[in-house]
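Take a look at the structure set out below.
Nothing in this text is a laboratory measurement; each read-out follows from the coordinates by a stated rule. The structure displayed is predicted, hence computed values, not measured ones. Note that we place each Cβ from the backbone using ideal geometry, even for glycine, and neighbour counts take in every protein chain shown.
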Amino acid sequence: LDHFTGEVISCVSELQSLKVDPWAEKEKQRSEAKHILLRKQRALADLFQHLAKTGLSYRKGVSWARSKNPQEMLHLHPLDIRSALSTVSSTQEADSRLLTEISSSWDGCQKYFFRSLARHARLSAALAAPAKEMGMSNVERCKGFSAHLMKMLIRQWRSLTTLTEQWVLLRNLLGCMQEIHGRLTGPLVYRALPSSGQRAAVDRKAAAPGHAEPDPA
């Protein structure tokens, strides 16, 4: 995925650098402009093919974009795996190392998620008034592929939120069970009951003349 993204960025940068020679003849300028436009259209078609191979469908994206609630983003539950893992205690070294690795992997993910939402909003605004050279079919595909990708991103966020909540609950229950097991299998400590002789001495002292119960106050 990183390699594919890098290639797309490089291709976009290269296409953006293409310029028509302002000092050339008008006919040559028109030829160069047409050639640049064809290269951009070909690159966009190749991008659509690669996106389709990854499992994205612009038709599904268009359908989701038309039926989604505009306030759906506001209904997403907050998620911070680092804070969630900090509530879980672990005494095993391997387990603690795993929690540390998970926390490190989470760094930057939350920022990346909300940055993706913002960029999708900017792309949608740009596609609302596209350049004439793009064509309606390309505009529709850009909207659909980006919307389907956003749908999958939101679904993964919700799944990860639910999984994290259930995992923290399970770890807390496991900790309670381990504590109960430790108390049941550990050495039992009881207060020794007084012997019959000790009880008789206490009874005689209580029955002796002049003996009074201590004032509770």
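Normalise the Cα radius of gyration of region 1-54 by 2.2 N^0.38 Å (N = residues in it) and let me know the number. It would help to have the intermediate numbers written out before the result.
On the way: Rg = 14.0 Å, N = 54, 2.2 N^0.38 = 10.0 Å.
So the Cα radius of gyration is 1.40 times the expected 2.2 N^0.38 Å.
Rule-of-thumb check for region 35-81: C-alpha Rg over 2.2 N^0.38 Å?
Relative to the 2.2 N^0.38 Å estimate, region 35-81 comes out at 1.74.
Once the piece of chain linking Gln156 and Ser67 is laid out straight, how much longer is it, given 0.36 nm per residue of separation minus the C-alpha distance between them?
On the way: separation 89, 0.36 × 89 = 32.04 nm, distance 1.90 nm.
Extra length available between Gln156 and Ser67 comes to 30.1 nm.
Region 106-177: which trypsin sites (Lys or Arg not before Pro) are DSSP loop and have at most 16 other beta-carbon atoms within 10 angstrom?
Working: sites: Lys111, Arg115, Arg119, Arg122, Lys132, Arg141, Lys143, Lys151, Arg155, Arg158, Arg171; in loops: Lys132.
Sparse-neighbourhood loop trypsin sites (Lys or Arg not before Pro): Lys132.
Pop out the Kirkwood hydrodynamic radius of region 2-92 from its pairwise C-alpha distances, inverse of mean 1/r, in Å to one decimal. All intermediate terms of the calculation are to be shown ahead of the outcome.
Numbers: mean 1/r = 0.0547 Å⁻¹.
Kirkwood radius, region 2-92: 18.3 Å.
Check each of the trypsin sites (Lys or Arg not before Pro) in region 1-74 and keep only those in coil by DSSP with at most 12 other C-beta atoms within 10 angstrom; list them in order.
Working: sites: Lys19, Lys26, Lys28, Arg30, Lys34, Arg39, Lys40, Arg42, Lys53, Arg59, Lys60, Arg66, Lys68; in loops: Lys19, Lys68.
Hits after loop and neighbour filter: Lys19.
What is the spin-label model distance, in nm, from Ala24 to Gln110 if the labels are put 7 Å beyond Cα along the C-beta direction?
5.2 nm
How large, in Å, is region 57-179 by the Kirkwood hydrodynamic radius built from its alpha-carbon pairs?
Values: mean 1/r = 0.0584 Å⁻¹.
This gives a value of 17.1 Å.
On a straight-distance basis, which lysines could pair with Lys40 in a cross-link, Cα separation under 29 angstrom, same-chain partners fewer than 8 positions away excluded?
Lys19, Lys26, Lys28, Lys53, Lys60, Lys132, Lys143, Lys151
Loop only per DSSP, at most 15 neighbouring Cβ atoms within 10 Å: give me the GluC sites (Glu not before Pro) in region 19-79, ordered by residue number. All intermediate terms of the calculation are to be shown ahead of the outcome.
Numbers: sites: Glu25, Glu27, Glu32, Glu72; in loops: Glu25.
Sparse-neighbourhood loop GluC sites (Glu not before Pro): Glu25.
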